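Student: If you scroll down you'll find the structure; I have some questions about it.
Derivation of every value follows stated rules applied to the coordinates shown; laboratory data play no part. Keep in mind that what you see is a predicted model, and the values were worked out from it rather than measured. With ideal geometry, Cβ positions are generated from the backbone for all residues, glycine too; neighbour counts draw on all protein chains shown.
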Amino acid sequence: MPVVTMSEVVVALRATVGRHGMPIEDVRTLADYLMSFFGFETEVIDNNLDVADRDVFYMLEEEGLLTTRQEEVHIKKGKLWRIHYWILRVDRIKNFAKNGGSRRADDAFAIYREIPDDIWARQLPAR
């Protein structure tokens, strides 16, 4: 299991939430906050989070840095117990770190910026 370093998390956060205008000091604080839950693991059980923590995790899920999974366990009383986990998307975080935080590969509209302006100009046929 690959380990994510703090510097990799900072680069990934800077490329995602940092592009919305979050100062680098806040990005570093968020990276420290996030890693305080995960440590050297890639999964965190949802029961360990309070409402504010969960809100941050949902935001990071929207940015593509976290995902979730659920496990169902039958307990003695015949009830079904659902356990929810938050998972670090190590591959994406490492990809951001490797590419220097570039989000260009994930940008669906990048191709349109590469098309020259004259292609967009429509020429009406002469009457």
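Student: It is to be established whether one or more residues within region 44-56 are in contact with a helix residue (DSSP H, G or I) (Cβ under 8 Å, 6 or more places away or on another chain), closer than 21 Å to K98 by Cα and surrounded by 15 or more Cβ atoms within 10 Å (Cβ to Cβ). Step through it out loud before you land on a result.
Tutor: Of all residues in region 44-56, those in contact with a helix residue (DSSP H, G or I) (Cβ under 8 Å, 6 or more places away or on another chain) come to 44, 46, 48-49, 53-54, 56.
Going one step further and asking which of them are closer than 21 Å to K98 by Cα, we end up with none.
No, region 44-56 contains no residue that is in contact with a helix residue (DSSP H, G or I) (Cβ under 8 Å, 6 or more places away or on another chain), closer than 21 Å to K98 by Cα and surrounded by 15 or more Cβ atoms within 10 Å (Cβ to Cβ).
Student: Based on what the data block shows, is V3 of a type outside the set (K, R), in contact (Cβ under 8 Å) with a residue 24 or more places away in the chain and touching a Leu at 6+ places or on another chain (Cβ under 9 Å)? Working first, answer last.
Tutor: Numbers: of a type outside the set (K, R): yes; in contact (Cβ under 8 Å) with a residue 24 or more places away in the chain: yes; touching a Leu at 6+ places or on another chain (Cβ under 9 Å): no.
No, not satisfied.
Student: Another question, then. Return yes or no: is L30 in a helix (DSSP H, G or I) and in contact with a Ser or Thr (Cβ under 9 Å, 6 or more places away or on another chain)? So that I can check it myself, show each step before the final result.
Tutor: Numbers: in a helix (DSSP H, G or I): yes; in contact with a Ser or Thr (Cβ under 9 Å, 6 or more places away or on another chain): no.
No: the conditions fail for L30.
Student: Within the bounds of region 67-74, is there any residue that is under 17 Å from the mean Cα position of the chain (by Cα), surrounded by 15 or more Cβ atoms within 10 Å (Cβ to Cβ) and not aromatic (F, W, Y)? Steps first, please.
Tutor: As a first pass, look at region 67-74 and keep what is under 17 Å from the mean Cα position of the chain (by Cα): 67-69.
Filter once more, so that each one left must be surrounded by 15 or more Cβ atoms within 10 Å (Cβ to Cβ): none.
No - not one qualifying residue is present in region 67-74.
Student: Against the definition (in a helix (DSSP H, G or I), in contact with a helix residue (DSSP H, G or I) (Cβ under 6 Å, 6 or more places away or on another chain) and without any contact (Cβ under 8 Å) to a residue 40 or more places away in the chain), how does L13 come out, yes or no?
Tutor: Values: in a helix (DSSP H, G or I): yes; in contact with a helix residue (DSSP H, G or I) (Cβ under 6 Å, 6 or more places away or on another chain): yes; without any contact (Cβ under 8 Å) to a residue 40 or more places away in the chain: no.
Answer is no for this residue.
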